[in-house]
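Working notes for the structure below.
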Amino acid sequence: MIGIFDSGVGGLSVFREIRKILPDEKYIYYSDNAHCPYGEKTREYIVRRAREITGFLIGKGADIIVVACNTATAAAISALRDEYTHIRFIGMEPAIKPAAASTRTGVVGVLATAGTLKADKYLNTREKYSEGVQIAEHVGKGFVELVESGHLKGETAESTIRESLKPLLDMGADRIVLGCTHYPFLSETILAVAAQICPGREIQIIDPAPAVAKQLMKVMQEEKLIKKEGFEISLFSSGDASILNETYGRL
Ligand code: DGL
């Protein structure tokens, strides 16, 4: 069984890609929305939450775990790997590499949480793949709250997005890397706002979820974990479950 967790519904944007290539597996999804957002929390806090959730998922039968949260990956995946040595963990990595390879303006914009942008894991990825391009970063301020409250479109969503997106576009970015798994739910609005700010610039959003899904499949093949016994999913959340059920329903 594939365990997936996030601070909220964001990980469903990763699950959506996983299910496309692993349609006949059993899944368990945990939304830690009682403790969301993770973005401004300390590393220690996130490690504690990640440990507790991992224990829960394993207890329910998960034999591989996707940390479908950039912030939790950056803060906690090494601690999880050290503690649960019999389980493979798949984490998120901001897609700077493909963005740097395809930018035409030479500027790649990254939207992520504060926790992700200051973590060593992210800084190493940036250093490794950003040669020859400029990286412009901004916290997606208020984005997680928009997604957790189901406000994906409309005036509030647009003005919230504009505030964090404009600085990246003003620096010349034409690739926007989504470094938080909540943000893909806002993709349409992000593109619409980008087109208002920079009409004529060919802007693309880069989401790492399809690459993460492929990595999961590769590891499951190696570990002989693919069972193909028919699709099933159990959804759990630490807080109010309505947004999780609603978002899942929309998928
Ligand atoms: N979905 C998350 C991420 O990928 C966490 C967002 C948050 O809780 O602040 O970073």
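The values are calculated or read from the model by the stated rules, or taken from the named source; none is laboratory data. Computed from a predicted model, the values in this text were never measured in an experiment. Reconstructed Cβ throughout: ideal geometry from the backbone, glycine too, with neighbour counts over all protein chains shown.
Name, by its number, the condition in (1) within 18 Å of L191 (Cβ to Cβ); (2) modelled with pLDDT under 95 that does not hold for E158.
(2)
Could we say that L111 is within 16 Å of the ligand (Cβ to nearest atom) and either touching a Gly at 6+ places or on another chain (Cβ under 8 Å) or among the charged types (D, E, K, R) (or both) here?
Numbers: within 16 Å of the ligand (Cβ to nearest atom): yes; either touching a Gly at 6+ places or on another chain (Cβ under 8 Å) or among the charged types (D, E, K, R) (or both): yes.
It is true that L111 is within 16 Å of the ligand (Cβ to nearest atom) and either touching a Gly at 6+ places or on another chain (Cβ under 8 Å) or among the charged types (D, E, K, R) (or both).
Can you give me the number of residues within the range 144-170 that are touching a strand residue (DSSP E or B) at 6+ places or on another chain (Cβ under 6 Å) and either within 15 Å of the ligand (Cβ to nearest atom) or assigned to a loop (DSSP other than H, G, I, E, B) (or both)?
We begin by selecting, within the range 144-170, every residue touching a strand residue (DSSP E or B) at 6+ places or on another chain (Cβ under 6 Å); these are 164, 167-168.
Still in the running and either within 15 Å of the ligand (Cβ to nearest atom) or assigned to a loop (DSSP other than H, G, I, E, B) (or both): 164.
Number satisfying all stated conditions: 1.
For (1) among the acidic types (D, E); (2) in contact with a Leu (Cβ under 9 Å, 6 or more places away or on another chain); (3) crowded, with 19+ Cβ neighbours inside 10 Å; (4) touching a residue at least 60 places away in the same chain (Cβ under 8 Å), each residue gets a yes or a no:
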{"position": "E17", "(1), (2), (3), (4)": "yes, no, yes, yes"}
{"position": "E25", "(1), (2), (3), (4)": "yes, yes, yes, yes"}
{"position": "Y30", "(1), (2), (3), (4)": "no, yes, yes, yes"}
{"position": "A34", "(1), (2), (3), (4)": "no, no, no, yes"}
{"position": "H86", "(1), (2), (3), (4)": "no, no, no, no"}
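Table: residues versus (1) more than 24 Å from K224 (Cβ to Cβ); (2) away from the ligand (no atom under 16 Å from the Cβ); (3) in contact with a Pro (Cβ under 9 Å, 6 or more places away or on another chain).
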position: L22; (1), (2), (3): no, yes, no
position: K26; (1), (2), (3): no, yes, no
position: C36; (1), (2), (3): yes, no, no
position: I58; (1), (2), (3): no, yes, no
position: F89; (1), (2), (3): no, no, no
position: P94; (1), (2), (3): yes, no, yes
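Return the residues of the range 58-76 that are surrounded by fewer than 24 Cβ atoms within 10 Å (Cβ to Cβ) and touching a residue at least 40 places away in the same chain (Cβ under 8 Å); say none if nothing qualifies. Even if it seems obvious, please write down each step before you answer.
The initial filter retains those residues of the range 58-76 that are surrounded by fewer than 24 Cβ atoms within 10 Å (Cβ to Cβ), namely 58-64.
Within the range 58-76, I58, K60, G61, A62, D63, I64 qualify.
So, of the residues in the range 187-212 that are hydrophobic (A, V, I, L, M, F, W, C) and within 12 Å of the chain's Cα centre (by Cα), which turns out to be farthest from A68 (Cα to Cα)? Before you say what the answer is, go through the steps one by one.
The initial filter retains those residues of the range 187-212 that are hydrophobic (A, V, I, L, M, F, W, C), namely 190-195, 197-198, 203, 205-206, 209, 211-212.
Cutting the leftovers down to within 12 Å of the chain's Cα centre (by Cα) gives us 206, 209, 211-212.
On the way: I206: 16, A209: 9, A211: 12, V212: 9 Å.
Among residues in the range 187-212 that are hydrophobic (A, V, I, L, M, F, W, C) and within 12 Å of the chain's Cα centre (by Cα), the one farthest from A68 (Cα to Cα) is I206.
Just to be sure before I move on: is T105 polar (S, T, N, Q), touching a Gly at 6+ places or on another chain (Cβ under 7 Å) and crowded, with 19+ Cβ neighbours inside 10 Å in the structure I sent? It would help to see each step written out before you state the result.
Working: polar (S, T, N, Q): yes; touching a Gly at 6+ places or on another chain (Cβ under 7 Å): yes; crowded, with 19+ Cβ neighbours inside 10 Å: no.
No; evaluated as a whole, the condition is false for this residue.
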